[in-house]
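The structure appears right after this line, and notes come after that.
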Amino acid sequence: MNIFRLTGDLSHLAAIVILLLKIWKTRSCAGISGKSQLLFALVFTTRYLDLFTSFISLYNTSMKILWTFSIYLESVAILPQLFMISKTGEAETITTHYLFFLGLYRALYLVNWIWRFYFEGFFDLIAVVAGVVQTILYCDFFYLYITKVLKGKKLSLPA
C-alpha cells in the first residue's frame, strides 16, 4: 500500500458517493449510463469472486482468468457513459464530478504501478496496459472538466 493507491481508492469511493448522492438528491438516474453501470457491476463481480474460495485449484485458476477479464472490461466500461454525454452534448455538474473522480482513480493507479515498480520491483503488464487505455479514454473529458467545470461553466461536448 502506498499513498497513490490509497488516494486512488479514496477517489474511487468519492466517485461512488457522488453518484449515489446525485441519484438520491435528484431522485433520478438521468444522465447516468445504465450500460456503464452494468459493465462496472460485472467488472467488480468478476474481480472479487475468488474471495469466496480459499483453495488453489482449477476453479481458482478460472476465477483469476475472470480477474484478467475484469481488468480489461474496466478499461472500456466508461465508454457508454462518455458516448451518452457526447450524444446529448451536456452533462450535469454532479455527473461530471463523478466521472472526474473515476478517472482520477485510474490515473492515480498508474502512479501507484510506477511506484511499485521502482520501490517494490512489482510489475503487472495486464493492469498497466488496461489502466493506460482507460486513462487515455478519460483524457478528453479531463481537459473539458478542467477548462469548463472548474471555471464554473456547464460542460458541453461537441456532438
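The values are calculated or read from the model by the stated rules, or taken from the named source; none is laboratory data. Note that the structure is predicted; figures quoted are calculated from it, not measured. In this analysis, Cβ positions are derived from the backbone assuming ideal geometry, glycine residues included, and neighbour counts consider all displayed protein chains. Surface accessibility is based on the protein's heavy atoms, side chains included, excluding ligands, DNA and RNA. Shrake-Rupley method; radii C 1.70, N 1.55, O 1.52, S 1.80 Å.
Of the residues examined, Tyr109 is not one that is touching a Phe, Trp or Tyr at 6+ places or on another chain (Cβ under 8 Å) and modelled with pLDDT under 90.
Filtered by the rule that a residue be among the β-branched types (Val, Ile, Thr), in a helix (DSSP H, G or I) and open to solvent by less than 50 Å² (accessible area, probe 1.4 Å), the stretch 66-82 gives Thr68, Ile71.
Of the residues making up the stretch 140-154, just one is farther than 16 Å from Tyr98 by Cα, open to solvent by 60 Å² or more (accessible area, probe 1.4 Å) and part of a helix (DSSP H, G or I), namely Lys151. Within the stretch 113-131, residues that are closer than 17 Å to Ile3 by Cα have Cβ atoms under 8 Å from residues that are of a type in the set (Gly, Ala, Ser) and in a helix (DSSP H, G or I) in these pairs: Trp113/Ala127; Trp113/Gly131, counting only partners at least 6 apart in sequence or on another chain. Restricting the first residue to the stretch 78-101 and requiring it to be within 14 Å of Ile16 (Cα to Cα), which pairs with a second residue that is open to solvent by 10 Å² or more (accessible area, probe 1.4 Å) and small (Gly, Ala, Ser) meet a Cβ separation below 6 Å and a spacing of at least six or different chains? If the second residue must be open to solvent by 10 Å² or more (accessible area, probe 1.4 Å) and small (Gly, Ala, Ser), the pairs left are Thr95/Gly31; Phe101/Ala14. Quick check on the stretch 31-48: of everything there that is surrounded by 13 or more Cβ atoms within 10 Å (Cβ to Cβ) and without any contact (Cβ under 8 Å) to a residue 12 or more places away in the chain, which residue is farthest from Leu82 (Cα to Cα)? Checking each candidate, the answer is Tyr48.
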